[in-house]
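What follows is a set of notes on a single structure, which appears directly below.
Just so it is clear, none of the values below were taken in a lab; they were calculated from the coordinates. Keep in mind it's a predicted model, so treat the numbers as computed, not measured. Here the Cβ positions follow ideal geometry from the backbone for every residue, glycine too, while neighbour counts run over all protein chains shown.
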Amino acid sequence: MTTTQDAPRTTPEVGGLGHSRKRVEDARFIEGRGNYVDDIILPGMLHMAIHRSPLAHARILSIDTSEAEAVEGVIAVVTGELLAGYNLAWMPTMSGDTQAVLATDKVRFQGQEIAAVIATDRYIAQDAADRIQVEYEDLEPIVTPQRSLESDAPIIRDDKEGQDSNLVYEWESGDKAATDAVFAKADRVVKLDTFYPRSHPAPLETCGIVADVNSATGQATLYMTSQAPHAHRTVFALVAGLAEQNIRIISPDLGGGFGNKVPVYPGYVVATAASLVIGQPVKWVETRTENLISTGFGRDYHMHGELAVTNEGKILGLKVEMLSDQGAFFSDAQPTKFKAGLFHIVTGSYDYPVAHISTKGAYTNKAPGGVAYRCSFRVTEASYLIERLVQNAAYELGIDPAEFRMKNFIKKDQFPYLSPTGFVYDSGDYEGALKLALEMVGYDEIQKEKEEARKEGKLVGIGIASFTEVVGAGHGDDYDILGLRMFDSAELRIHPTGKAILKLGVKSQGQGHETTFAQIVAEELGIPSSDIKVVEGDTDNTPYGLGTYASRSTPVAGAATAMISRSIRAKAKKIAAHLLEASEDDLEWEVGKFYVKGDPESSVTIQDIAFAAYTNVPEGLEAGLEGVNYYDPPNMTYPFGSYIVVVDLDPGTGQWKVRRMVAVDDCGVKINPMIVEGQIHGGLTEGYAMSSMQHISFDDAGNCIGSTFMDYLVPTAWETPRFELGETVTPSPHHPIGAKGVGESATVGSPAAYVNAVIDALSHLGITNIDMPVSADRVWAAMKDSGQE
Ligand code: CDP
């Protein structure tokens, strides 16, 4: 039995939970009235361009800036040597590593920042930057993590004292001895080596900053493409030694983020330092190629997995070894206790007692990154591996993959479920989601159709993937970034006329927070959502928060919003009792008003109460109706789903096409079903892109292949398949409104599951040795290998 969401409790005018309220932010975007970093123009503003390394690994012998300095309109040329004078040549990263701001000793990836030109005009700045001459001595470029960890590999981070290898981290989870014991007795062990290739979030708006440091007041106002403005402000205070209260980060409208706007980039730091020294505002906005070659990528995990199973098809345990390619600096933000992100969710949706995960990260001569791109920290990679293993196990045992999954799923009554790597899954109905997907696609009919098609020489494959993700980081005891606990915050002020302003510590990059967070307040207080303005992304004007990535806004700041609304309702009740001359105990709440029990006519609305809060408060009660909540969630939330794709494969060419794509997702209670649908479409489109058209690779010299949108393809509505969506609704028991996260940089609409389903569909056709990217030529080669030509 699958569940659907209850009908909304509020009217469409109030627009609380469950209403598909239209996105309020879209009016300004559609009219071209958004305010992005590049739209900001300040009096006296200068422009910055960066000179970048053409080589992946080389020693810098000399930097000659004289020709650049001579260009008319150039105000300054900044090098690492100059920054070193201010102790700014290196900066800390969000993972506690260090990163060169401008290279002084060596370049460590193609596209690394070496010098910056500040000029009166952007074109002058770029032309001058191109005239900087750098003399290099070539060093061996390390382009794979496997080579990186060989004992004779050159040390990439020779800047770090005591660094005698290219190992970034080593980390394990689960019980090795217990897992080995189970594997020793298993009927069969299914093994797989696979690679989730590097991809790039490629937000339509690239990264940038307008830095405005006022030398008279010491105030630094930084308009920045930031998914985490408060955390960035703290890092800036630490890097630049500026007093935190004098740094104001304003993250205006963002044209997508997907994790790419979480790291602190050298360009931000150089522009700020330049503004500080020159005394004028400085703007820096990346080009597309700069964004693709030098900013936070996603994935790049090499994985070996083993699944122990019985001949009857019961999973007994899992072993995983993972090697991640981190690039030249470890700079993605992730919880400090979890070096490989939350990869240990790799045990997936299945019930078995033991697992052991061992992971290593390696420095390579590539751009740094590994950001939470359309998943919580490294959850996509985990989800991909377990589903590949599960589908291979089903095929090896000759069991239908749907049946195999059903047999091994964690059952509905087993929640809360303690996974072998220590997560406590909050709630789930995995069978319900897969059953619904099978029904929607017509699984049995398609199996028959497949056989018929084969007789006519056509190939139809059907592929399944199920997933469980882990989103909504904290709790703060376990999850922190650089020691900052991963709570989040909401401040709500209700004004005398009953209109409200909600201020958040998170920051939307397209997820529609201005629409949905107002709906949470509307649900809790009955104030129409159209009467609530949502403010984010200004550190002077919002409470401290850790930001938006890894699908954490709704589980954490959404919870903070519900909690502050509830505490304001408690104060409102006192005012209502005063206005109605009744005891608080005699009052009942109904959306938007308090009334006296048994006498519904004796009532006051939330708007009456708001007015009274400033004009007629009972004695002993403070005036006003506002407050702030810092919410540290007791646990993460665990959204899940099941996907099925039907693929037509041309046996003559290896070309394949998704004919049907059914996605059943469960993100608990939905605040806004239309927005959730949009998030799912986004995630599925990313999965489609990864499976069929997106790939960043490097040649042996470390040149990035995929540095323009001609090489790195972004799917459009033209080629993206149609998605058929289904839902189950399994609330999170500990979340104040039962929601689980979904986000732009996040989970449901799982890209991994989409890729899994495509690969599974091909496996179904006997093409079992295929990996990403699933291009026609590779499918064709795999068909040849399996004798299917
Ligand atoms: O952190 P991020 O904004 O990426 O993720 P999120 O807040 O979990 O979800 C993105 C959008 O979907 C927000 O506008 C949420 O309010 C909305 N959402 C929803 O309507 N219902 C849910 N159960 C979860 C998210």
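Step through the table entries 185/412; 499/574; 458/784, compare each Cα-Cα distance with 21 Å, and write down the pairs that go over it. Each step should come with its number before you reach the end.
Working: 185/412 29 Å; 499/574 19 Å; 458/784 16 Å.
Going by Cα-Cα distance, 185/412 fall outside the 21 Å limit.
With Cβ to Cβ distances under 13 Å as the rule, what net charge do the other residues near residue 126 carry (K, R +1; D, E -1)?
Result for the neighbourhood of residue 126: -1.
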**Item:** Radius of gyration and Dmax over the Cα atoms of segment 35-96, both given in Å
**Value:** 15.4, 42
**Message:** Taking just the alpha carbons, could you work out the radius of gyration and Dmax for segment 37-183, both in angstroms?
**Reply:** 20.3, 73
**Packing-based exposure ordering (other Cβ within 10 Å, fewest first) of 469, 431, 67** = 67, 431, 469
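Please compute the net charge surrounding residue 402, taking Lys and Arg as +1 and Asp and Glu as -1 over other residues with Cβ under 12 Å from its Cβ. Working shown, then result.
Details: positive: 405, 407, 435; negative: 400, 403, 431, 439, 444, 760.
Summing Lys and Arg as +1 and Asp and Glu as -1 gives -3.
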**Asked** With contacts defined as alpha carbon pairs under 8 Å and 6 or more residues apart, what's the relative contact order of the chain in percent?
**Response** 16 percent
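Tell me the mean residue ellipticity at 222 nm calculated for the chain from its helices only (DSSP H runs of n ≥ 4, each -39500 (n - 2.57), averaged over every residue, nearest 500). Intermediate values should be presented prior to the final figure.
Working: 19 runs with 210 residues, N = 789.
Calculated mean residue ellipticity at 222 nm is -8000 deg cm²/dmol.
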**Fill in**
Expected sort for 107, 664, 774 with the fewest Cβ neighbours (10 Å cutoff) up front is 774, 107, 664
**Request:** Before anything else, pin down the relative contact order of segment 499-615: Cα pairs under 8 Å, at least 6 apart, normalised by residue count, whole percent.
**Result:** 25 percent
**Request:** Treat every Asp and Glu Cβ in segment 641-767 as -1 and every Lys and Arg Cβ as +1, leave all other atoms uncharged, and give the resulting dipole magnitude about the Cα centre to the nearest 20 debye.
**Result:** 360 debye
**Asked** What is the set of long-range amide H partners of residue 350 at a cut-off below 5 Å, with H atoms built 1.01 Å from backbone N?
**Response** 410
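Convex hull volume of the Cα atoms in segment 633-789, per residue, in Å³?
Values: hull volume 22.8 nm³, N = 157.
For segment 633-789, the hull spanned by Cα atoms encloses 145 Å³ per residue.
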**Zone of residue 400's modelled label, taken as backbone nitrogen in segment 757-789 under 17 Å from a point 7 Å along Cα→Cβ** = 761, 764-765
**Message:** Amide H of residue 479 versus every other amide H placed in the peptide plane: which residues, excluding those fewer than 5 positions away on the same chain, fall under 5 Å?
**Reply:** 486
**Request:** Scan segment 129-195 for GluC sites (Glu not before Pro) in coil per DSSP, keeping those whose Cβ has at most 12 other Cβ atoms within 10 Å, and list them by number.
**Result:** 150, 161
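Where does segment 258-323 land on the Kirkwood hydrodynamic radius, alpha-carbon pairs, in angstrom? Each step should come with its number before you reach the end.
On the way: mean 1/r = 0.0612 Å⁻¹.
Kirkwood hydrodynamic radius for segment 258-323: 16.3 Å.
Looking only at the chain, where both bridge partners belong to it, what percent of the DSSP beta bridges are antiparallel (to the nearest 5)? Show your work: numbers first, answer last.
On the way: 106 of 131 bridges.
Bridges in the chain that DSSP calls antiparallel: roughly 80 percent.
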**Prompt:** Which of 384, 223 comes first, and how do the rest follow, when ranked by fewest Cβ neighbours within 10 Å?
**Reply:** 223, 384
**Message:** Limiting things to C-alpha atoms, what are the Rg and the maximum Cα-Cα separation (Dmax) for segment 231-374, in angstroms?
**Reply:** 20.3, 73
**Message:** Output wanted: per-residue J couplings in Hz (rounded whole) for segment 372-382, from phi through Karplus 6.51 cos²θ - 1.76 cosθ + 1.60, θ = phi - 60°, x for Gly and Pro.
**Reply:** 6, 9, 6, 5, 5, 3, 6, 7, 4, 4, 5
**Asked** Which of the peptides 14-25, 599-610 is most tightly packed, and how do the rest follow, judged by the mean count of other Cβ atoms within 10 Å per residue?
**Response** 14-25, 599-610
**Request:** Step through the residues of segment 647-663 one at a time and calculate ³J(HN,Hα) from phi using the Karplus curve (6.51 cos²θ - 1.76 cosθ + 1.60, θ = phi - 60°), rounding each to whole Hz and writing x for Gly and Pro.
**Result:** 10, 9, 10, 7, x, x, 10, x, 5, 10, 9, 7, 7, 9, 9, 10, 10
**Complete:** Net charge (Lys, Arg +1; Asp, Glu -1) of residues whose beta-carbon lies under 15 Å from that of residue 28, residue 28 excluded, is -4
**Unit charges on C-beta of K, R, D, E only; dipole of the chain, Debye** = 680 debye
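Of 337/740; 507/533; 407/435, which ones are farther than 21 Å apart at the Cα?
Violating the 21 Å Cα-Cα cut-off are 337/740.
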**Prompt:** What translational diffusion coefficient, in µm²/s and rounded to a whole number, does the Stokes-Einstein relation yield for segment 412-510 at 25 °C and a viscosity of 0.890 mPa s, taking the hydrodynamic radius as the Kirkwood radius over Cα pairs?
**Reply:** 128 µm²/s
**Asked** Binned at 5 Å from 0, what are the whole-percent values of the Cα-Cα distance distribution for segment 502-625, short to long?
**Response** 2, 11, 20, 19, 16, 13, 10, 6, 3, 1
**Item:** Integer Hz, Karplus 6.51/-1.76/1.60 couplings in order for segment 617-625, x for Gly and Pro
**Value:** 8, x, 4, x, 9, 5, 6, x, 9
**Cross-link reach list, aspartates and glutamates versus residue 160, counting only Cα pairs under 19 Å and skipping chain neighbours closer than eight places** = 81, 97, 105, 113, 140, 150, 152, 170, 325, 332
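Evaluate E = 1/(1 + (r/R0)^6) for residue 29 and residue 6, where r is the Cβ-Cβ distance and R0 equals 30 Å; express this FRET efficiency to the nearest 0.05.
Working: r = 32 Å, r/R0 = 1.05.
About 0.40, to the nearest 0.05.
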**Fill in**
Cα-based Debye curve of the chain sampled at q = 0.08 Å⁻¹ gives log₁₀ I(q)/I(0) of -0.69
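Compute the length gained on full extension between residue 163 and residue 497: take 0.36 nm times their separation in residues and subtract their Cα-Cα distance, giving the result in nm to one decimal. Working shown, then result.
On the way: separation 334, 0.36 × 334 = 120.24 nm, distance 6.20 nm.
Between residue 163 and residue 497, full extension yields 114.0 nm more.
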**Prompt:** For the pair residue 588 and residue 657, how long in nm is the line joining their label points, each one 7 Å along Cα→Cβ?
**Reply:** 6.0 nm
**Item:** Among 406, 422, 362 - extreme Cα towards positive end, dipole of segment 332-454, charges at beta-carbon
**Value:** 362
**Request:** Normalising by the residue count of segment 562-679, find the relative contact order in percent from Cα pairs under 8 Å and 6+ residues apart.
**Result:** 17 percent
**Complete:** One finds, for residue 176 and residue 314 with R0 = 22 angstrom and r their Cβ-Cβ distance, a FRET efficiency to the nearest 0.05 of 0.55
